[in-house]
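FYI, it's all coordinate maths here, none of it is from the lab. Given the structure is predicted, the values throughout are model-derived calculations rather than measurements. Cβ coordinates were reconstructed from backbone atoms using ideal geometry, including for glycine residues, and neighbour counts include every protein chain displayed.
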Ligand SMILES: NC(=O)c1ccc[n+]([C@@H]2O[C@H](COP(=O)([O-])OP(=O)(O)OC[C@H]3O[C@@H](n4cnc5c(N)ncnc54)[C@H](O)[C@@H]3O)[C@@H](O)[C@H]2O)c1
């Protein structure tokens, strides 16, 4: 594919886990707002399917990337760097969950969740830094948004290890926010409540007997849709959010606010 010259490009966002669920919803939203999206995902087939669905031409560019793999992540960002020296935003959506009792998890499942949910966002931010720092300034900061989870704020039995990784990535968000602020880069997280995506279908297929239940409908009477998350991300990327840094924003219809 031949890319437009850099001077002709609009704002560029890199989105991980962009081929499905929340990442796909955010991609769709940003494209409609005129952004060029670099979509990174471990699944090449899903990326191709998303590209067909979005039909956004040069505004949706794809690169296969396993965010838990250093080599794969460096390779994906090298492709992006070959077409631009600067990006405006990085949105880390890629995530992995396994359901089970703590004693049931296998070391492989734990490595997967630690790799995708904690190392992944850290590695993507670290690798994206030259592109984010280029042209950044504190009055018009570049943006990083990490998709955490309400389970990292109010954990549940059954998704214990996942919740621990999401709590950890909320902490990383705050640390990176403070460290990167002088470079003109803000780092925030959204913490979605249960959202209608393929991930919750996958959770429902667990063979574990752990008594895990999805939160389902929020106090607002419905389950979140990817669009609800896309709205929050879009706000955090907007000029109006230029002074918001280091927050973990629950987007859960109030689910975590009180036990019913
Ligand atoms: N769906 C929910 O209820 C919910 C709630 C809270 C938080 N989240 C978080 O939202 C984010 C998006 O989840 P979703 O619900 O859209 O799930 P999803 O399964 O629909 O999408 C996740 C995407 O991440 C990709 N991915 C997985 N491992 C990857 C890797 N190693 N490298 C690159 N890409 C990888 C998958 O291929 C998939 O396209 C995740 O971080 C998830 O933990 C989801």
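So, restricting to helices (runs of 4 or more DSSP H) that lie completely within region 1-112, which ones have at least 3 residues that are within 13 Å of the ligand (Cβ to nearest atom), touching a strand residue (DSSP E or B) at 6+ places or on another chain (Cβ under 7 Å) and within 30 Å of residue 139 (Cβ to Cβ)? Reasoning before the result, please.
Numbers: elements: 21-32, 44-54, 70-81.
Ranges flagged: 21-32.
If residue 85 meets every condition in (1) farther than 29 Å from residue 208 by Cβ; (2) surrounded by fewer than 20 Cβ atoms within 10 Å (Cβ to Cβ); (3) touching a helix residue (DSSP H, G or I) at 6+ places or on another chain (Cβ under 6 Å) apart from one, which number is that one?
(3)
Would you check which residues across region 126-153 are in a helix (DSSP H, G or I) and under 23 Å from residue 195 (Cβ atoms) and list them? Spell out how you get there, then give the answer.
Quick first cut of region 126-153, residues in a helix (DSSP H, G or I) only: 126-133, 150-152.
Listed by number, the residues that qualify are 150, 151, 152.
Condition first: more than 25 Å from residue 204 (Cβ to Cβ) and within 12 Å of the ligand (Cβ to nearest atom). Can you find one or more residues in region 139-146 that meet it? Quick ask: steps written out before the conclusion?
So in region 139-146, the residues more than 25 Å from residue 204 (Cβ to Cβ) come out as 139-146.
In the following step, the residues that additionally are within 12 Å of the ligand (Cβ to nearest atom) were identified as 145-146.
Looking for residues that are more than 25 Å from residue 204 (Cβ to Cβ) and within 12 Å of the ligand (Cβ to nearest atom), one finds at least one in region 139-146, hence yes.
Which one of 10, 55 is free of Cβ contacts under 8 Å to residues at least 12 places away in the same chain and either more than 20 Å from residue 230 (Cα to Cα) or over 16 Å from the mean Cα position of the chain (by Cα) (or both)?
Working: 10 fails: free of Cβ contacts under 8 Å to residues at least 12 places away in the same chain.
Unique residue meeting the criteria: 55.
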